[in-house]
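The structure under discussion appears below in the form of structure tokens.
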Amino acid sequence: MRSDDAESEARPDSPMRSASLFTANSENVDDDVLLDSLVSLSKINGMSVVQHGARLAVMGELLVAVLANLPASMRVDIVESFRERIEEVMCLGDDRSLPQQYHSALLTEVNRYLNALR
């Protein structure tokens with residue numbers, strides 16, 4: 001073994017080597033913090049979606065109850081107006097690239113309310 005090798009082994013890490021170790025450790029910490037933040041955001045977002053779904057379910061059931069108790073003459077007028085408005089909404093959706101799930105959910109809800117108006 002050469003004396004230069006022995007000296008470099010005995011010396012503490014150079015500032016350059018220490019900096020690269022710090023950067024590697026810092027990246028791991030940053031990755032962990034980022035991952036924890038992403039998990040937290042996902043949980044918050046998931047809970048918001050669940051709460052929104054609960055609110056929509058309540059509003060939908062209230063609307064169905066109201067529609068079912070309207071006089072037949074009012075229901076006929078509402079169906080006509082509702083169909084016109086839905087056509088406008090569907091045209092707006094055609095102008096944008098929306099996923100199939102959007103269109104499917106929209107038509108499911110439209111049919112739900114049209115059935116309540118029968």
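Each reported figure results from applying straightforward, stated rules to the coordinates on display, with no laboratory input. Because the structure is predicted, anything quoted here is derived from the model rather than measured. Cβ atoms come from the backbone with ideal geometry, glycine included; neighbour counts cover every protein chain shown.
Spacing of the modelled spin labels on residue 115 and residue 78, each 7 Å from Cα toward Cβ, amounts to 1.7 nm.
The calculated FRET efficiency for the pair residue 38 and residue 100, based on their C-beta separation and a Förster distance of 25 Å, comes to about 0.40.
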